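Asker: Sending over a structure as structure tokens; questions will come in a sec.
The values are calculated or read from the model by the stated rules, or taken from the named source; none is laboratory data. Predicted model only: the values in this text are computed from it and were never measured. So basically every Cβ, Gly included, is an ideal-geometry build from the backbone, and we count neighbours across all protein chains shown.
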Amino acid sequence: MDQKRALVTGITGQDGSYLLELLLSQGYEVHGIIRRSSVFTTDRIDHLYEDPHEVGRKVILHYGDLTDSAVLRRVIDRAQPHEVYNLGAQSHVKVSFEEPEYTADVVAMGALRMLQAVLDYREKSGQDVRVYQAGSSEMFGSSPPPQGADTPFHPRSPYGVSKVAAHWYGVNAREAYGLFLCNGILFNHESPRRGETFVTRKITRAVGRIVEGLQTKLFLGNLEAKRDWGFAGDYVKAMQLMLQQDEPGDYVVATGTCHSVRDFVEEAFGCVDLEWEKYVEVDPGYFRPSEVHVLQGDTTLCWERLGWKAEVDFPNLVRMMVDYDVTLARQEGIMRTAGHHMAVRGAASI
Ligand code: NAP
Ligand code: G4F
């Protein structure tokens, strides 16, 4: 094959940015779909941006949206991808209770729209296309741990239900039309680029701001929930590996270990020698109508078939995020002194 081309939805997100770095390092030309917004949303990929006037550029961004099938078709026609990574999503579980219909439109219908566009392009062009669908451990919901390839789905949020629908649309395209489609069932993965309303980043951001004297309290919801937290930079490698196999398949991607939100809080405050009990308060407003209590992945298949395992462990992940957020808070302090204010909070109750 000459130039390998990939199309990535959700390229401005946490995973999209790490995947873009990985694909570029492997010589791909990468097309990304970005949404129009009244402010720039490309912070995470600005270091890789290439001006449209640059000859032979490897990063090409297209405006589009998973709710708009016409534009998905147009972008696929232009990008002519060999691989499609469908990462775009309204990815916040708590928000999905507040916006269930929109979440279903983007996450479930969006995946279906993308699949149909790929199938039509494949028929028209005669070119084979491999598809990665970003599935989630939220699909397992209340099924007891460890959750693996054979664990039944029992989603506990509109987001989880929508991801299950996307999963099965993918399986059906594989079975009905022979599409090379891989569902990656990824457990929680974090990084300094994690959105600030997810619990890990909310915690490390608060730790940094408390250290710098910019904040005195951190309000959280359920401290007893347990998650299998890994590093996003590791997880995008598994996505790409799936599409390089001889046969398509579905994979659980996780560390195999599990910690509570309370453990994360302890570890993060411990990194800066602070007693977390002095700063953290539980606000029931952050509880979810139905919670996923324990997620811990069975990593066997991923290791046996892909030779993939998580490299960054829990203490190093927390340390990486805290270090980044202490530096960020220091910069925020300097900007405040100069009269500028950085946004730090999302809407209430997420
Ligand atoms: P993220 O940081 O929230 O990024 C989501 C991306 O989707 C952003 O680029 C966002 O664009 C884009 N997007 C949102 N709505 C869209 C729409 N209507 N049309 C097109 N694009 C849209 O999520 P992430 O953590 O990188 O996760 C990537 C994928 O993996 C998501 O599908 C998520 O559900 C799934 N997943 C994540 C985890 C995890 O722990 N991180 C675990 C399992 C599965 P804007 O930048 O414009 O908002
Ligand atoms: O960080 P979270 O919001 O992530 P959640 O709900 O596990 O979802 C993330 O991981 C999924 C994979 O399993 C992805 F598919 C999804 O897109 C997303 O990336 O919440 C983690 C836990 C929950 O049990 C929540 O109830 O932390 C608990 N929590 C406690 N206090 C909180 C808070 N969560 C948030 N966001 N904010 C809190 O103040």
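Asker: What is the number of the single condition among (1) more than 10 Å from ligand 2 (Cβ to nearest atom); (2) within 28 Å of TRP308 (Cα to Cα); (3) among the hydrophobic types (A, V, I, L, M, F, W, C) that VAL211 does not meet?
Answerer: Going through the list (1) more than 10 Å from ligand 2 (Cβ to nearest atom); (2) within 28 Å of TRP308 (Cα to Cα); (3) among the hydrophobic types (A, V, I, L, M, F, W, C), VAL211 breaks only (2).
Asker: Restricting the search to region 167-203, which residues are touching a strand residue (DSSP E or B) at 6+ places or on another chain (Cβ under 6 Å) and more than 16 Å from ligand 2 (Cβ to nearest atom)?
Answerer: Of everything in region 167-203, those that are touching a strand residue (DSSP E or B) at 6+ places or on another chain (Cβ under 6 Å) and more than 16 Å from ligand 2 (Cβ to nearest atom) turn out to be ALA173, ARG174, PHE180, LEU181, CYS182.
Asker: Check VAL95, VAL107, VAL131 and return the single one that is in contact with a Pro (Cβ under 9 Å, 6 or more places away or on another chain) and within 11 Å of ligand 1 (Cβ to nearest atom).
Answerer: VAL107
Asker: Which one is farthest from the chain's Cα centre (by Cα), of the residues in region 39-53 that are more than 13 Å from ligand 1 (Cβ to nearest atom) and assigned to a loop (DSSP other than H, G, I, E, B)?
Answerer: Residue satisfying both the conditions and the ranking: HIS53.
Asker: Continuing with the same structure: Which residues, taken from region 164-181, are touching a Pro at 6+ places or on another chain (Cβ under 7 Å) and within 16 Å of ligand 1 (Cβ to nearest atom)?
Answerer: Selection gives VAL164, LEU181.
Asker: Still on this model: Return only the number of the condition from (1) under 30 Å from GLU267 (Cβ atoms); (2) assigned to a loop (DSSP other than H, G, I, E, B) that VAL207 does not satisfy.
Answerer: (2)
Asker: A further question follows. Hey, any hits in region 97-120 for a residue that's touching a strand residue (DSSP E or B) at 6+ places or on another chain (Cβ under 8 Å) and β-branched (Val, Ile, Thr)?
Answerer: To start, the set of residues in region 97-120 that are touching a strand residue (DSSP E or B) at 6+ places or on another chain (Cβ under 8 Å) comprises 110-111, 114-115, 118.
From the residues that got through so far, the ones that are β-branched (Val, Ile, Thr) too are 118.
Yes; the residues of region 97-120 include at least one that is touching a strand residue (DSSP E or B) at 6+ places or on another chain (Cβ under 8 Å) and β-branched (Val, Ile, Thr).
Asker: I'd like the full set of residues that are of a type in the set (Gly, Ala, Ser) and crowded, with 16+ Cβ neighbours inside 10 Å, limited to region 41-71.
Answerer: Of region 41-71, the ones of a type in the set (Gly, Ala, Ser) are 56, 64, 69-70.
Across region 41-71, the qualifying residues are GLY64, SER69.
Asker: Please verify whether region 7-24 includes one or more residues that are more than 21 Å from LYS237 (Cβ to Cβ) and assigned to a loop (DSSP other than H, G, I, E, B).
Answerer: no
Asker: Among the candidates LEU214, LEU243, which residue alone is in contact (Cβ under 8 Å) with a residue 24 or more places away in the chain, out of contact with any helix residue (DSSP H, G or I) (no Cβ under 9 Å at 6 or more places or on another chain) and more than 11 Å from ligand 1 (Cβ to nearest atom)?
Answerer: Values: LEU214 fails: out of contact with any helix residue (DSSP H, G or I) (no Cβ under 9 Å at 6 or more places or on another chain).
Residue meeting the stated conditions: LEU243.
Asker: Tell me, yes or no, whether region 85-94 has at least one residue that is over 18 Å from TYR63 (Cα atoms) and in contact with a helix residue (DSSP H, G or I) (Cβ under 7 Å, 6 or more places away or on another chain).
Answerer: Yes, there is a match, as at least one residue in region 85-94 is over 18 Å from TYR63 (Cα atoms) and in contact with a helix residue (DSSP H, G or I) (Cβ under 7 Å, 6 or more places away or on another chain).
Asker: Related question: From LEU328, LEU301, LEU274, which residue is touching a residue at least 40 places away in the same chain (Cβ under 8 Å), surrounded by 14 or more Cβ atoms within 10 Å (Cβ to Cβ), outside any helix (DSSP H, G or I) and away from ligand 1 (no atom under 16 Å from the Cβ)? Explain how you work it out, then say what you get.
Answerer: Numbers: LEU328 fails: outside any helix (DSSP H, G or I); LEU301 fails: outside any helix (DSSP H, G or I).
After ruling out the rest, the residue left standing is LEU274.
Asker: Kindly provide the set of residues from region 277-298 that are assigned to a helix (DSSP H, G or I) and surrounded by 14 or more Cβ atoms within 10 Å (Cβ to Cβ), ordered by number.
Answerer: To start, the set of residues in region 277-298 that are assigned to a helix (DSSP H, G or I) comprises 277-278, 284-286.
Residue satisfying the conditions is TYR286 alone.
Asker: Here is a follow-up. Condition first: farther than 29 Å from ASP246 by Cβ and not in a loop (DSSP other than H, G, I, E, B). Now tell me which residues in region 126-181 satisfy that.
Answerer: Once the filter is applied, which keeps residues that are farther than 29 Å from ASP246 by Cβ and not in a loop (DSSP other than H, G, I, E, B), region 126-181 yields GLU138, PRO158, TYR159, GLY160, VAL161, SER162.
Asker: Within region 146-153, can one find any residue that is more than 18 Å from the chain's Cα centre (by Cα), at pLDDT 95 or above, β-branched (Val, Ile, Thr) and more than 21 Å from ALA176 (Cα to Cα)?
Answerer: Yes, there is a match, as at least one residue in region 146-153 is more than 18 Å from the chain's Cα centre (by Cα), at pLDDT 95 or above, β-branched (Val, Ile, Thr) and more than 21 Å from ALA176 (Cα to Cα).
Asker: Still on this structure, please answer the following. Mind telling me which of the residues ARG73, ARG36 ends up being farther than 18 Å from ARG193 by Cα, in contact (Cβ under 8 Å) with a residue 24 or more places away in the chain and in a loop (DSSP other than H, G, I, E, B)?
Answerer: ARG36
Asker: Have a look at GLY184, GLY195 and point out the one that is in contact with a His (Cβ under 9 Å, 6 or more places away or on another chain), under 21 Å from SER96 (Cα atoms) and either within 15 Å of ligand 1 (Cβ to nearest atom) or assigned to a loop (DSSP other than H, G, I, E, B) (or both).
Answerer: Just a single option satisfies the conditions, and that option is GLY195.
Asker: Counting only residues that are within 10 Å of ligand 1 (Cβ to nearest atom) and not in a helix (DSSP H, G or I), which one in region 229-238 is nearest to SER191 (Cα to Cα)? Give the steps one after another, and end with the answer.
Answerer: First, the residues of region 229-238 that are within 10 Å of ligand 1 (Cβ to nearest atom): 229-230, 232, 235-236.
The next check asks that each one be not in a helix (DSSP H, G or I); those that pass are 229-230.
Working: TRP229: 10, GLY230: 9 Å.
It comes out as GLY230.
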